[in-house]
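> I have a structure I would like to understand better, so I am pasting it below and will then ask my questions one at a time.
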Amino acid sequence: MIHDVIVVGSGPGGATAAATLASHGKSVLMVDRQSFPRDKVCGDGMPIEIMKLLRQMNVDIHRHKLHYHRIEALSISSPSGRELKTIEKQRDVFSMTSPRYSFDNTLHNHALQSGAKFEQMNIVKPLMSADREKVTGIIERRDNQLIEHEARVVIAAGGVASPIARALRGENKEQDVTAISIRAYACLKKPIEACVHFYFEPNLLPGYAWLFPVGEDRANVGVYLHQNHGQNMRALLDEFCAELDVEMEIDPATVKTWSLPLYVSDESRAMPGVLMVGDEGRFVNALTGGGIYSAMLTGHEAAIQAIKLLEGHPSDYDRAWREQLDSSLKRGRFVQKNIVSHPTLFNGLFTLTDLPLLRRRFLKAIAGDHY
Ligand SMILES: Cc1cc2nc3c(=O)[nH]c(=O)nc-3n(C[C@H](O)[C@H](O)[C@H](O)COP(=O)(O)OP(=O)(O)OC[C@H]3O[C@@H](n4cnc5c(N)ncnc54)[C@H](O)[C@@H]3O)c2cc1C
């Protein structure tokens, strides 16, 4: 059987692509090496744009019983300890935190209900045409055997493991394209306000530590490092939590590290027969480490472009994602390299944020997709 589209990976990028394709009547097989629901190491921070996308996709978060915590404020602390806080306007769309166990399962089920099929498979590489010019499907490993599955288009959404992209473009040897992060869930001794906190601690720059409430008495805490120069991630996390003015107890079973493939602008995410989305396409914002929104957006866009290909029209996936994401992701990289990496400049700009216009611009630049 030849599928219209095989989507590799059923995280936010893959599930969004599969739901979009299925709702347009295309035969789509979603594959993932994990069964759902599954956890994904993450800060669980969901900027307001994510709820807008969920609405556009007609995802009924109440019917799916999505576990979420409404966020009402955002706070950024400078290396010198100065705080900049903003309250979110009251609207019917809002920022939230949502544990990925629940969020990704909601999108996965939405794709199934839209008509996508799912199979648990461990994909090892793309299936290539005889002349090796085009991707014509995927190859899974099962019981030490390699099994081929054909598709007219493959959407590669396998996250940082990148089973398809890695085989096609090789590993990127540049030093600053992969960041590292550690996260844990913590029980809080007292309820805290629904505010996401970013702490730009001097020893973490241009990274930061975070405290994101996921309920009144539970938080997601973590450290995001742009590059690890031999630091012990667990020790950094413990040090950060000990200095916080919030009494908490970390659940040791939830302490995990994971890598983030940072955005590079000058790389194509389309090759004959394949479109790359989300982390597999390197769409993580270098400044914030946020990648769920861009995974969903590129998942949706890749699906639209795949439909064009299936209907015999040319597609221009690279132009499509660039129009929507390039400027904000480039701005993230610029601010991270040219402002946040320089504590004196960063602290200096913080002191100017008493002026409302500068305050807004600054928040937009620093919090970017979280604001
Ligand atoms: C510690 C940490 C904190 C973060 N915090 C935030 C945050 O607060 N907000 C935010 O927006 N972003 C955050 N991110 C980034 C965000 O998690 C990713 O950008 C997002 O998950 C990308 O979605 P995706 O669908 O591309 O990939 P994923 O969510 O990684 O999904 C990929 C899927 O592919 C499957 N897969 C992998 N290999 C194979 C294979 N060989 N065969 C079959 N299936 C395979 C996996 O099982 C997985 O289900 C964080 C990342 C980290 C590491």
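> Counting every Cα pair in the stretch 38-178, what percent are over 17 Å apart?
73 percent
> Also, quick follow-up: I'd like the orientation of helix 100-114 relative to the chain: the angle between its Cα long axis and the longest Cα principal axis, in ° from 0 to 90, rounded to 10.
Taking Cα atoms only, the helix is inclined about 30 degrees.
> Using a/c under 1.5 as the rounded threshold, could you call the stretch 59-107 rounded, prolate or oblate? The axes a ≥ b ≥ c are square roots of the C-alpha gyration tensor eigenvalues, and prolate needs a/b larger than b/c, oblate otherwise.
Working: a/c = 4.93, a/b = 2.05, b/c = 2.40.
It is oblate, given that a/c is not under 1.5 and a/b is not larger than b/c.
> Per the Debye formula with a single identical scatterer at each Cα and no solvent contribution, what log10 I(q)/I(0) holds for the stretch 4-58 at q = 0.19, 0.23, 0.31 Å⁻¹?
-0.78, -1.01, -1.19
> Checking the table LYS89/LYS337; LYS52/LYS117; LYS26/LYS117; LYS89/LYS330 against a 21 Å threshold on Cα-Cα, which pairs fail?
Correct reply: LYS89/LYS337; LYS52/LYS117; LYS89/LYS330.
> Turning to a different aspect of this structure: Working only with C-alpha atoms, what are the Rg and Dmax values of the stretch 156-294, expressed in angstrom?
16.8, 54
> Students often forget the sequence filter, so: which aspartates and glutamates lie under 12 Å Cα-Cα from LYS189 once same-chain residues fewer than 8 apart are removed?
List returned: GLU216, ASP217, ASP245, GLU247, GLU249.
> Quick one: Karplus J couplings for the stretch 261-278, per residue in order, coefficients 6.51, -1.76, 1.60, θ = phi - 60°, nearest Hz, x for Gly and Pro?
Per-residue couplings from phi come out as x, 6, 4, 10, 7, 8, 10, 6, 10, 10, 9, x, x, 9, 10, 9, 10, x Hz.
> Label-point separation (nm) for GLN324 and HIS342, each offset 7 Å from Cα along Cα-to-Cβ?
Spacing of the two 7 Å Cα→Cβ label points: 3.4 nm.
> Taking θ = phi - 60°, what integer Hz values does the Karplus form 6.51 cos²θ - 1.76 cosθ + 1.60 yield along the stretch 121-136, in sequence order, with x for Gly and Pro?
Karplus-based 3J(HN,Hα) across the stretch 121-136 equals 8, 9, 8, 9, 6, x, 8, 10, 5, 4, 8, 6, 8, 9, 7, 10 Hz.
> Report ³J(HN,Hα) in whole Hz for each residue of the stretch 283-297, in order, from the Karplus equation J = 6.51 cos²θ - 1.76 cosθ + 1.60 where θ = phi - 60°; Gly and Pro get x.
10, 8, 5, 5, 6, 9, x, x, x, 6, 4, 5, 5, 5, 5
> Please give the calculated 222 nm ellipticity per residue for the chain, where each DSSP H segment of at least 4 residues contributes -39500 (n - 2.57) and the sum is spread over every residue; nearest 500 deg cm²/dmol?
For the chain, the value works out to -8500 deg cm²/dmol.
> A further question on this structure: If you place +1 on the Cβ of every Lys and Arg and -1 on the Cβ of every Asp and Glu, how big does the dipole about the Cα centre of the chain come out, in debye to the nearest 20?
Dipole size: approximately 500 debye.
> With the radius of gyration and the Kirkwood radius both derived from the Cα set of the stretch 305-365, what is their ratio Rg to Rh?
1.30
> Send over the Kirkwood Rh of the stretch 99-162, from the inverse of the averaged 1/r over different Cα pairs, rounded to one decimal Å.
Working: mean 1/r = 0.0733 Å⁻¹.
One over the average 1/r among Cα pairs gives 13.6 Å for the stretch 99-162.
> Can you sort LEU74, LEU355 by how many other beta carbons sit within 10 Å, fewest first?
Lowest count first: LEU355, LEU74.
> Over the Cα atoms of the stretch 218-371, what radius of gyration and what Dmax do you get, in Å?
Computed over the Cα atoms of the stretch 218-371, radius of gyration and Dmax are 19.0, 59 Å.
> Just the projected area, averaged over all directions, of the convex hull on the alpha carbon atoms of the stretch 245-335: how many nm²?
Mean shadow area of the hull around the Cα atoms is 8.3 nm².
> Also: For a bin width of 5 Å, list the pair-distance distribution of the stretch 209-287 built from all Cα-Cα distances, rounded to whole %.
3, 11, 19, 17, 15, 12, 9, 7, 4, 2, 0
> Could you give the radius of gyration (one decimal) and Dmax (whole number) of the Cα atoms in the chain, in Å?
In order Rg, Dmax, the Cα atoms of the chain give 20.6, 64 Å.
> Okay, next question. Running a GNM on the chain with Cα contacts under 10 Å, which residue among ALA18, ALA167, ALA320 ends up with the highest mean-square fluctuation?
Comparing ALA18, ALA167, ALA320 in a Gaussian network model of the chain, the most mobile one is ALA167.
Just so you know, all these numbers are worked out from the coordinates, no wet-lab data involved. These figures come from a predicted structure and were not determined experimentally. Because the Cβ atoms are built from the backbone with ideal geometry, glycine has one as well, and the counts that use them run over all protein chains shown.
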